[in-house]
Amino acid sequence: MQKWMIFLLFFVALNGLWAQTFRGSVVAGMNISQIDGDALFGFHQPGLNAGLRVVALINDRWRVGPEILFSQQGAQRPSTSGNISIYDSFRLNTLEVPLMAYYKDWRITAEGGFSYQRLINYEVIGDNGEDVTAQTDLQDNLFALKLGATIYFSPNWGLNVRWSKHILDIDVDNGINTSFKGRSVSVRAVYTFGAGESLPKPIDPE
């Protein structure tokens with residue numbers, strides 16, 4: 001009985017420490033994306049962006065922490081496009097782990113950081129409609145810069161918009177003069193568990 005009481009007290013203390021120090025959230029939404037270098041211009045490829053976020057509260061305004069996401073990116077020729085490209089579409093399915101820093105002022109949170117993406121699989125379709133995935137080598141490990149902002153409508157609910165661009169080429173160097181770098185814009189709902197995010201007053205400019 002004494003051991004169980006000690007365990008229960010430890011669990012309550014740990015839960016209280018978690019509530020004071022960390023916040024957990026679910027994020028879910030979509031990407032619109034393109035790939036620089038493929039001659040398919042414009043953000044025409046939609047995809048899912050969803051997963052979990054954990055942040056550590058440094059103080060009332062600063063947070064840091066990772067996310068783990070399933071993220072679909074790529075590029076696509078729109079039906080009205082006159083683009084001259086040997087490709088019709090790219091579809092990249094990735095497991096993504098962004099590491100972000102957040103600064104909160106009132107209901108707005110600005111964010112910036114970097115992410116590692118593991119390419120799960122991909123599909124490339126040529127301009128003639130044929131699958132040319134086997135002839136298009138892409139890197140398994142991708143790295144991207146992230147910038148964004150979230151507006152919170154309540155302590156628990158927010159809307160996040162995030163811009164992302166690959167830092168390094170996503171295609172394998174095969175001696176051909178190509179350079180592919182993906183770009184995407186994500187729009188996601190954010191639900192924060194428990195007490196949610198506090199909504200501090202704006203900083204007084206004086």
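Give the range 55-73 a look and list any residue that's at pLDDT below 90 and either under 25 Å from ASP36 (Cβ atoms) or among the β-branched types (Val, Ile, Thr) (or both), or say none.
ILE58, the sole residue that qualifies.
Mind checking whether some residue in the range 128-136 is assigned to a strand (DSSP E or B), over 17 Å from GLY182 (Cα atoms) and either in contact with a Lys or Arg (Cβ under 9 Å, 6 or more places away or on another chain) or of a type outside the set (Lys, Arg) (or both)?
yes
Please go through the range 104-131 and give me each residue that is open to solvent by less than 30 Å² (accessible area, probe 1.4 Å) and of a type in the set (Ser, Thr, Tyr), ordered by number.
Hits for the range 104-131 are THR109, SER115.
Take the conditions open to solvent by 30 Å² or more (accessible area, probe 1.4 Å), assigned to a strand (DSSP E or B) and within 20 Å of ILE167 (Cβ to Cβ) and apply them to ALA101. Does it pass?
Yes.
Here's the yes/no breakdown for (1) open to solvent by 70 Å² or more (accessible area, probe 1.4 Å); (2) modelled with pLDDT of 90 or more:
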| position | (1), (2) |
| --- | --- |
| THR133 | no, yes |
| THR136 | no, no |
| GLY148 | no, yes |
| PHE153 | yes, yes |
| GLY158 | no, yes |
| HIS166 | no, yes |
| ALA189 | no, yes |
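If you check PHE114, PHE90, which single one turns out to be in a strand (DSSP E or B) and at pLDDT below 95?
None of the others qualify; the one that does is PHE90.
The values are calculated or read from the model by the stated rules, or taken from the named source; none is laboratory data. These figures come from a predicted structure and were not determined experimentally. All Cβ positions, even for glycine, are placed from backbone atoms using ideal geometry, and neighbour counts span all protein chains on display. Areas reflect the complete protein model, heavy atoms only, side chains present, ligands, DNA and RNA absent. Shrake-Rupley method; radii C 1.70, N 1.55, O 1.52, S 1.80 Å.
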